[in-house]
Amino acid sequence: MRVRAGIVLIRDGKVALIERHRAGLDYYVFPGGGMDEGETPEQAAVREAMEELGIEVAIQQKIAEIQLGQKSRQVYFLVEQTGGEFGTGVGEEYTDSDPNNPEEGIYIPIWMPINKLSEYRNIYPESVAAQVIKSLTEGWAEDSAMTFE
């Protein structure tokens, strides 16, 4: 089973996303990626934040787990930035891909105002975007993550 670990980083009423243009599609995803062998989801989330965004993060809590059939599971963590400079990631997404190849596409780290998230239908996973919006009024549950299938 493939496991993807992602982060939710919020600052000044905005959430960090990766803008993607790939295979003729334009969409946004929460930063993250697949776990390496021997890694925990938490370790993968921290590594991916550095690779994709150029920042060091500290995990605050797990906020979502998404099971996609028998083939894939995604785990998302609320994080805070502890170092680095946003937008300076040098992961393989930037170094090993050809931005002119539409199948590989491009990765652009952005800050999107949380109050604009509901205006976009192409933010994935949608359940995590909805949870971020909900956190504005209800805060984050302290003890458990939401599970989606």
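Annotations for the structure displayed:
- Every residue from the range 36-60 that is of a type outside the set (Val, Ile, Thr), over 13 Å from GLY89 (Cβ atoms) and open to solvent by less than 60 Å² (accessible area, probe 1.4 Å): GLU39, PRO41, ALA44, ALA45, ALA58
- Some residue of the range 61-83 being outside any strand (DSSP E or B), touching a Pro at 6+ places or on another chain (Cβ under 6 Å), open to solvent by less than 60 Å² (accessible area, probe 1.4 Å) and modelled with pLDDT under 95: no
- Checked against the criterion of being out of contact with any Cys (no Cβ under 6 Å at 6 or more places or on another chain), within 14 Å of VAL128 (Cβ to Cβ) and among the basic types (Lys, Arg), the candidates ARG47, ARG73, ARG20 yield just one match: ARG73.
- Residue in the range 3-10 that is in a strand (DSSP E or B), open to solvent by 30 Å² or more (accessible area, probe 1.4 Å) and in contact (Cβ under 8 Å) with a residue 12 or more places away in the chain present: yes
- Residue selected from the range 100-119 under the condition closer than 13 Å to ILE10 by Cα and open to solvent by 40 Å² or more (accessible area, probe 1.4 Å), by the criterion modelled with the lowest pLDDT: ASN115
The values are calculated or read from the model by the stated rules, or taken from the named source; none is laboratory data. Note that the structure is predicted; figures quoted are calculated from it, not measured. Counting neighbours? That spans all protein chains shown, and the Cβs are built from the backbone with ideal geometry, glycine included. Just so you know, the surface numbers come from the protein's heavy atoms only, side chains and all, with ligands and any DNA or RNA stripped out. Shrake-Rupley method; radii C 1.70, N 1.55, O 1.52, S 1.80 Å.
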